[in-house]
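The values are calculated or read from the model by the stated rules, or taken from the named source; none is laboratory data. Bear in mind the structure is a predicted one, so any value in this text is a computation, not a measurement. Counting neighbours? That spans all protein chains shown, and the Cβs are built from the backbone with ideal geometry, glycine included. These area figures cover heavy atoms from the full protein model, side chains too; ligands, DNA and RNA do not enter into them. Shrake-Rupley method; radii C 1.70, N 1.55, O 1.52, S 1.80 Å.
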Amino acid sequence: LSVPFATQYRAVQVGKSVTSPVLTVGVSSRVSTSVSATRVRRGRYVRFFGTLKPALPRTLMVVQRKNSKGAWQLAGTMVATGTTSETRYSRRIRVYSAHTYRVYAAVADGKLLPSAGREVKIRIRSN
């Protein structure tokens with residue numbers, strides 16, 4: 001069963017007053033993530049870029065950094081741009097220490113669920 005966006009289902013038996021509870025099936029967007037480098041000098045920039053599918057122009061995209069306790073913290077924000085057939089994002093983040101990063105799509109249209117791209121480990125290059 002392929003569902004293009006969040007959908008609610010309910011089964012009704014014909015001829016009887018039997019109705020199932022409502023089942024909501026959520027669909028997530030897909031975030032592809034690329035970076036300009038995974039090893040950089042302290043204080044240099046790394047560019048996070050990629051696409052969001054299905055295409056959702058003007059979607060808030062957030063670059064997050066994992067802290068020592070495993071929680072995700074805000075590292076930068078951007079707005080996805082493009083057309084209804086293709087949506088792209090790009091943002092430069094200054095890196096001071098090694099962390100794991102991801103890009104999170106804060107989809108708020110009700111049809112799709114928010115989702116995150118792959119985790120990327122950025123390391124500090126010595127010298």
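Computed values, structure above
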| read-out | value |
| --- | --- |
| Heavy-atom accessible area ranking, 1.4 Å probe, most first, across Thr84, Thr100 | Thr84, Thr100 |
| For the chain, built as a Gaussian network whose Cα springs stay under 10 Å, the top-fluctuating residue of Lys111, Lys53, Lys69 | Lys69 |
| Mean separation of Cα contacts under 8 Å (6+ apart) over length of the chain, as relative contact order % | 28 percent |
| The stretch 31-112 - charge dipole about Cα centre, Lys and Arg +1 at Cβ, Asp and Glu -1, debye rounded to 20 | 500 debye |
| Eligible lysines near Lys53 by straight Cα distance, threshold 21 Å, same-chain separation 8 or greater | Lys111 |
| The stretch 77-127: relative contact order as a whole-number percent, Cα under 8 Å and 6+ apart | 29 percent |
| Cβ-Cβ FRET estimate between Arg30 and Ser97, R0 fixed at 22 Å, reported to 0.05 | 0.15 |
| Proximal lysines relative to Lys69, as straight alpha-carbon distance under 23 Å, when same-chain residues fewer than 8 apart are discounted | Lys121 |
| Relative contact order of the stretch 29-99, defined on C-alpha pairs under 8 angstrom at six or more residues apart (%) | 36 percent |
| Dipole of the chain, positive end: most advanced residue of Met61, Val12, Gly26 [Cβ charges, Cα centre] | Met61 |
| GNM top mover of Gly15, Gly110, Gly76 - the chain, alpha-carbon springs below 10 Å | Gly15 |
| Largest-first ellipsoid semi-axes for the chain, taking √(5λ) over the Cα gyration tensor eigenvalues, angstrom | 39, 16, 10 |
| Calculated FRET value between Ala108 and Val18, using beta carbons and R₀ = 35 Å, to 0.05 | 0.45 |
